[in-house]
Amino acid sequence: MTKRISSKIARGSGELAILSLLAEEPAYGFEIAKQIGERTGGALKFTLASLYPLLYEMEKKGWVEGRWQTNSAGRDRRYYRLTSAGRKQLAPLREEWRAFFHALDSLAGVSHA
Amino acid sequence: MPEWKKVVREQMTALNLPPGATEDIIAELAEHLAEAYEAARARGLTHTAACNRAMQEVDDWYVLAKEIRRAKAEEEFTNSRSKRLWIPTMVSLLGASLAMRLMQLIGVRPDPAWTAPLVVSFYWPWLAVLPIFGALGAYLSRRSGGPLKFRLVAGTAPVLWLFLLSSASEPIDLAVNGLSQLRYYAYGMADLVLIPGAALLVGALPFLFDSNGQDSPRSRT
C-alpha cells in the first residue's frame, strides 16, 4: 500500500503534479484531484481545500487558464488548460524536483523511483 | 441532492471578492462538492454519509476563503474587469476609429446609400472591416471569461460610443430646432449606429457564446 504523503510536501509538489497532468489534456478541478490520487496510488491526495487555492494561484501566474464549459449532460465545469507560460514552467520544475530528490538521496539515502 | 451552491455561499462569507469573481468561485466549488457527493453515492454510501464525505473536502471554510482571497485578490481586484471588459472595449473602439481615420487618409469617401428624402452615406470599406473589430472585442472578452453583456459591449463599443454622443446632443438640437429634427436624428442613428452596429454584431456573434453555446455560469447567476 502506498503511504500517504504529508500535506506540506504534497502542497509543495502540487504545482508540478497539476502542470504534468494538464500537459496531457485539459481537466476540471474534481478530475484533476481524482487523477492525481489514482495515478499516485493515493499518495498524493488533493481535497477541494488544497486544490483550488493552488489552481487560482497558478492561474494568476498565467501558468493555467480556466474556462467554463458545459458537457452533454448540461453540467457546467471549469476546465483548466496549460498555457504556453505553464508549459515553459514544467521543464525547470521537473529539473528542480530531480535535483531535490538527488540531494535528499545523497544526504539521507532517499531514492526516487 | 443538497443545494451545494447554497452550502458554499453560506460558508464563504469571508471571501470578500467582487460579485462576479465570487459567483464563479462558488459555482466551481459547488460543482466539486456535487461530484464528490455523487462519487460517494456511486460507491454505495447513503445520502447522509455521502454529504458528510463531500463536506470532508474542507476542514476549515474560513481558512479556505482566506486562501482563495489571497490567491485571487490581486488579479481580481485590479485586472479582472479590465481584462474582461475595458481592454476588449478599447481594442474594438480604437481599432474601428483607426480604420476609419486610415481610410479617410487614403482618400476613401462616403457613398450615398439612398438620397431621398435625405441623403444617407456610408463608408462602405469601413463597414466591410467592422466585423473584424466586433469579433476582436467579443473574442478578447470571452477569452478572459467575460459574461455575455461584457462581450456584447466590447463587440459593439464603437457604435455604443457614437450612440451616446448622438443621444447626448439630441435634446439640445430638438430644443433649438424643434421636433422636425427627429427625422434627421433617426437617419443619423441608422447611418452612425444601426448599420455599423449590425456589421459589428455580425463579427461578434460567434464569440458571444462559448463553443458549446453557453455563456459563463457566472452571468446566469
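Observations on the model:
- Residue match in the stretch B:23-36 (condition: away from chain A (no Cβ under 14 Å) and not polar (S, T, N, Q)): no
For (1) buried (at least 19 other Cβ atoms within 10 Å of the Cβ); (2) under 27 Å from the mean Cα position of the chain (by Cα); (3) assigned to a helix (DSSP H, G or I); (4) outside the structural domain of B:P147 (by TED's automatic domain parsing), each residue gets a yes or a no:
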position	(1), (2), (3), (4)
B:V8	yes, yes, yes, yes
B:L17	yes, yes, no, yes
B:G20	yes, yes, yes, yes
B:E23	yes, yes, yes, yes
B:E28	yes, yes, yes, yes
B:E31	yes, yes, yes, yes
B:E38	no, no, yes, yes
B:A49	no, no, yes, yes
B:R53	no, no, yes, yes
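- Yes/no for B:R69 being within 14 Å of chain A (Cβ to nearest Cβ) and modelled with pLDDT under 95: yes
- Any hit, the stretch B:87-95, residues being within 21 Å of A:I32 (Cα to Cα) and surrounded by 18 or more Cβ atoms within 10 Å (Cβ to Cβ): no
- Test result for A:E31, under 25 Å from B:N52 (Cα atoms), at the interface with chain B (Cβ under 9 Å from one of its Cβ atoms) and assigned to a helix (DSSP H, G or I): yes
- Residue in the stretch B:76-92 that is at pLDDT below 80, touching a helix residue (DSSP H, G or I) at 6+ places or on another chain (Cβ under 7 Å) and of a type in the set (D, E, K, R) present: yes
- Residue match in the stretch A:67-77 (condition: within 12 Å of chain B (Cβ to nearest Cβ), surrounded by 14 or more Cβ atoms within 10 Å (Cβ to Cβ) and among the hydrophobic types (A, V, I, L, M, F, W, C)): yes
- Single match in B:R143, B:R151 (criterion: of a type in the set (K, R), modelled with pLDDT under 85 and either on the phi < 0 side of the Ramachandran plot or surrounded by fewer than 22 Cβ atoms within 10 Å (Cβ to Cβ) (or both)): B:R143
The values are calculated or read from the model by the stated rules, or taken from the named source; none is laboratory data. Computed from a prediction, not measured in an experiment: that's the story for all the values here. Note that each Cβ is placed from the backbone with ideal geometry, even for glycine, and that neighbours are counted across all protein chains shown.
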